[in-house]
Amino acid sequence: MENKIDVVLGLQWGDEGKGKIVDVLAGRYPLVTRFQGGPNAGHSLQFEGHSFVVRSIPSGIFRAGSVNIIGNGVVLDPISFKAECESVRAMGIVPEDKILISKKAHLILPTHRLMDAALESAAGKGKIGSTLKGIGPTYTDKIARHGVRVGDILREDFEKKYDALTERHIHEFGALGFECDPYAQKEEFMKAVQFLRTFKLIDCEYYIDSFLREKGAILAEGAQGSLLDIDYGSYPFVTSSNTTVGGVCTGLGVAPSKIGHVYGIFKAYCTRVGSGPFPTELFDETGEKIRAVGHEYGAVTGRPRRCGWLDLVALKYTVMVDGVTDLIMMKADCLDGFHEIKVCTSYKIDGQETTHFPFDVLSPIEPQYTSFKGWSKPLAGITREEDLPDEFKKYIAFMEEYLGVPIKIISLGPDRDATIQR
C-alpha cells in the first residue's frame, strides 16, 4: 500500500485546536510537518499535567521517535524559533535531534516585524488586525523575489543579503513616515542564525519523497484556518499564505496524488481574532459566556477572541475546498449548560437566502439559524460514545447530514486523553 501524506487543517478562522489533534494523531506517524504560516500561530498542547504552546515547531515534537519538518511554505523567525527551542529543551527534548528545516523556507527579519507595525499604523481604521510578527511583510518579500531564505545562512555573503533587504525596508519606512531603529536587533538575529546553523537543513521535497517511498506515512499540520486562506478566505481579512489543502503541495513540494486523509477540525462554535467579517458573532451575554467557558484568548497574543454560534454555511464551504474526508469536532463540552444551542444553516443577503459562502464578505449577512435543545448531562469527562446524551447525538447527526462528511473524532477537553474516536 502506497504511503500518503495525511493532513490536519483548521476549517474556521483558526484556533480550532489543531495542536491537540496533531499531538493525538502523531503517534501513528513517524514524520510530522508544518507546511505554511509563521510564529503568529500558537498550537496549544496539554498532556501528562503539562501545558505547552508551539509556534513554528510542528506539534509532533513531544512524541517519542517522531521526526518534525519545517517546510518551505513556512516563514521562520530565527529569534522566536531559538526561544521556542530553548523551551522545548527545558522539557527534556533535544530539538536539534528532532527538527529538520527546509532550505527554501523564508526568514523573518527584525525589520519585517517593524514593517508589520508600520503598515498597520498607516492603515488607520482599515487595520487587518495583524499579530505584528512580520508574517505578511515576509511573504510580500517572498512574492516580490526579495526574500532571504534559510539556505542562505550557509552562504559566505549572508550578512550582505541581510543588510541589502534591511536597507530596502529602511527606504519603505521613510515613505511611510515610520520612525524606528532598523538595526536594533541585528546582533540578536545573527546569534539566532548561528543557532539555526546547528540544525539539519534539507531539500524538503527530496526528503519527503524518499521518506514516503522507504519509511512510512506523513502527517502535515496547517497553521491558522481555512477561512483565513489568502485566496479562499474572507479577503482582505486573511493571512498571507494558503491555509487550505493546496498549501500542502506547494509548502512541502509534493504532488496532489500524495495526499491521503484530510482531517478537518472545527469547534462546536465559532471564534475569530482581529478584524474581518463574522456573520454569527454574538455581542450579548451568550457570546461572553462562550468566551469565558472556552477560555477563548490567543495562545500567542493573549487577545480575547470574538465568539459566536457555529456557522455551517462557512464550514461546508471549507469542507468542499479542502476535500475533507474526516471531521474532528472540538470543544463541544464548552456548550454544557446551554439550554438552547444554535447553528447557522443559511445566509440572507440582500433579501435572498443562500447556502453559498459569498465573494463579498463585507456585505451585510443575516445568519439563519436552526436551534437544538441543550444536552441533559455534561459532556466533560465522557470517554465512550455510547455514554453521550441523546440530544448531543442528534446534534452530531444533523451536522454530518448537512456537511456530508462523518465526524470521526470528538474532543471533550484539552488533554490528549479527553478524546472519543468513532
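In terms of overall dimensions, the C-alpha atoms belonging to region 170-292 reach 54, 47, 28 Å along their principal axes, ordered largest to smallest. Only aspartates and glutamates eight or more places from Lys348 in sequence, or on another chain, were considered; those with a Cα closer than 17 Å are Glu281, Asp311, Asp360, Glu366.
With all pairs of separate Cα atoms included, region 171-217 yields a Kirkwood hydrodynamic radius of 14.6 Å. Per residue, region 321-422 exposes 51 Å² of solvent-accessible protein surface, assessed with a 1.4 angstrom probe and all protein chains in place.
Surface listing: Asp333, Asp97 arranged by accessible area from highest to lowest gives Asp97, Asp333, probe 1.4 Å. Taking Gly294, Gly222, Gly38 as the candidate residues, the one with maximal mean-square fluctuation in a Gaussian network model of the chain, Cα springs under 10 Å, is Gly294. Between the beta carbons of Met190 and Lys289, assuming R0 = 51 Å, the FRET efficiency works out to 0.60 to the nearest 0.05. What the Kirkwood sum gives for the chain is a hydrodynamic radius of 22.2 Å, with every pair of different alpha carbons counted. Summarising the strand pairing of the chain, around 40 percent of its internal DSSP beta bridges are antiparallel. Element breakdown for the chain at a 1.4 angstrom probe: carbon and sulfur atoms account for 51% of the accessible area. Taking Asp229, Asp350, Asp209 in turn, the Gaussian network model of the chain (Cα-Cα springs below 10 Å) assigns the largest fluctuation to Asp350. Counting every C-alpha pair in region 340-422, the share spaced more than 22 angstrom apart comes to 42%. Overall, region 161-273 carries a charge dipole of about 460 debye about its Cα centre when +1 sits on the Cβ of Lys and Arg and -1 on the Cβ of Asp and Glu, all other atoms neutral. Using a Gaussian network model of the chain in which every pair of alpha carbons under 10 angstrom is joined by a spring, one finds that among Gln368, Gln352, Gln224 the greatest mean-square fluctuation is at Gln352. Rounded to the nearest 500, the 222 nm mean residue ellipticity of the chain from helices alone is -9500 deg cm²/dmol, with -39,500 (n - 2.57) taken per DSSP H run of at least 4 residues. In the distance distribution for region 304-348, Cα-Cα pairs more than 14 Å apart total 62 percent. Mean projected area of the convex hull spanned by the Cα atoms of region 140-198, taken over all viewing directions: 4.5 nm².
Quarter the surface of the alpha carbon convex hull of region 241-334 and you get the mean projected area, 7.1 square nanometres. The eigenvalues of the Cα gyration tensor, multiplied by 5 and square-rooted, give region 257-296 an equivalent ellipsoid with semi-axes of 29, 13, 8 Å from largest to smallest.
Legend: P(r) of region 86-198 from all alpha carbon pair distances, 5 Å bins from 0, whole percents, reading 2, 10, 19, 22, 18, 13, 9, 5, 2, 0.
The values are calculated or read from the model by the stated rules, or taken from the named source; none is laboratory data. Just so it is clear, the structure is predicted and the values come from calculations on it, not from any experiment. FYI the Cβ positions are ideal-geometry reconstructions off the backbone, even for glycines, and counts take in every protein chain you see. Remember, those area values only see protein heavy atoms, side chains included, never the ligands or the DNA or RNA. Shrake-Rupley method; radii C 1.70, N 1.55, O 1.52, S 1.80 Å.
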